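Have a look at the structure below, then the notes.
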Amino acid sequence: MIHWQLIRRGIVNQRLLDVMEKIPRHAFVPPDCRKHAYEDRPLPIGDGQTISQPYIVGLMTNLLDLQGDETVLEIGTGSGYQAAILAYLTKTVHTVERNLSLARQAQTTLHQLSIANVAFHTGDGSLGWPDAAPYQAIIVTAAAPEVPNPLLLQLADGGRLVIPVGARYRQNLELWEKKGENFQHRSILPVAFVPLVGEQGWPEDKWF
C-alpha cells in the first residue's frame, strides 16, 4: 500500500508514510471487508458510508501540511481511520460525525489502539465545531455543494481547509488557505465522496 499507492503517486512525506504504515487499516473496516483493507479503493463501513481509498486519505492529509503542533478539525468521522492518522501527526483532533453509531464505533476503535488525543462530537458537521476554534487545519470527508462558510470562519490565520466540493458526479477536491482576512483556493483533482448532509451542506433528502 505504501509503495504502490502512495509513494508512486507522489506522496513522499516521511512522517505521513510512517503513520500510515503503522496504523492497522483493517481495524477500521467490517470483518467481511478486512481482506480488502489495503486495496486501492474505498470500502463500505455501514449506514451508506465508506472509508476512502488509502491514496485519497494520504493526499488530503498531505495537503494540510501538518507540522505536529496543530489543533485540527475533521468533519465526518466515519470509521475513525482519518482521525487516527491525524492524531499521530498533530496535537489535538476534534472530529464531528452526525451518525451516532458510527461515532461510537470509531471511538471504540481508537480506544483499542490507545489513541487518546481525539475528541469526538456528534452533530451537524457542516457547521464545524466552534467551541474549539480556531483550527490550524480542517479536513472534510464528505462532499459539499459549496464550501460551508462556518468552516472558513473557524480557520486560524494561515490555516488550511481540504474539502470535496460539487454535485453527486461532479466533485473536485479543493484546498483553501486563510491569509489574513482573505482566502486563496485551488482545485486539486476530481473525486467521488458521499454527501455532506447538514444546514450548510446537502438536505437529507436531496443529493443531485
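Going through segment 1-47 one residue at a time, which ones are of a type in the set (Phe, Trp, Tyr) and surrounded by fewer than 13 Cβ atoms within 10 Å (Cβ to Cβ)?
Selection gives Trp4 alone.
Look through Ala116, Ala103, Ala83 and report the one residue that is buried (at least 22 other Cβ atoms within 10 Å of the Cβ), out of contact with any helix residue (DSSP H, G or I) (no Cβ under 6 Å at 6 or more places or on another chain), without any contact (Cβ under 8 Å) to a residue 40 or more places away in the chain and not basic (Lys, Arg).
The match here is Ala83.
Got a sec? Which strands (runs of 3 or more DSSP E) wholly within segment 143-193 have at least 3 residues that are under 18 Å from the mean Cα position of the chain (by Cα) and closer than 18 Å to Asp124 by Cβ?
Answer list for segment 143-193: 155-167.
Only one of (1) closer than 22 Å to His185 by Cβ; (2) buried (at least 19 other Cβ atoms within 10 Å of the Cβ); (3) among the charged types (D, E, K, R) is not met by Asp157, so which one is it?
(2)
Restricted to segment 119-133, and to residues that are touching a residue at least 40 places away in the same chain (Cβ under 8 Å) and surrounded by fewer than 19 Cβ atoms within 10 Å (Cβ to Cβ), which residue is nearest to Phe28 (Cα to Cα)?
Checking each candidate, the answer is Phe120.
Restricting to segment 194-206, count the residues that are closer than 26 Å to Ala132 by Cα and either of a type in the set (Lys, Arg) or assigned to a strand (DSSP E or B) (or both).
The qualifying residues number 3.
Report yes if Gly198 is at pLDDT 90 or above, buried (at least 17 other Cβ atoms within 10 Å of the Cβ) and in contact with a Gly (Cβ under 8 Å, 6 or more places away or on another chain), otherwise no.
It is true that Gly198 is at pLDDT 90 or above, buried (at least 17 other Cβ atoms within 10 Å of the Cβ) and in contact with a Gly (Cβ under 8 Å, 6 or more places away or on another chain).
Mind listing whichever residues of segment 38-60 are closer than 23 Å to Val197 by Cβ and among the hydroxyl-bearing types (Ser, Thr, Tyr)?
Thr50, Ser52 - these are the residues of segment 38-60 that are closer than 23 Å to Val197 by Cβ and among the hydroxyl-bearing types (Ser, Thr, Tyr).
Hey, Val93 hits all of (1) on the phi > 0 side of the Ramachandran plot; (2) in contact with a strand residue (DSSP E or B) (Cβ under 9 Å, 6 or more places away or on another chain); (3) free of Cβ contacts under 8 Å to residues at least 40 places away in the same chain but one; which does it fall short on?
Unmet condition: (1).
How many of the residues in segment 63-93 are among the polar types (S, T, N, Q) and under 9 Å from the mean Cα position of the chain (by Cα)?
Of the residues in segment 63-93, 2 are among the polar types (S, T, N, Q) and under 9 Å from the mean Cα position of the chain (by Cα).
The values are calculated or read from the model by the stated rules, or taken from the named source; none is laboratory data. These figures come from a predicted structure and were not determined experimentally. Please note: Cβ atoms are built from the backbone with ideal geometry, for glycine as well, and neighbour counts cover all protein chains shown.
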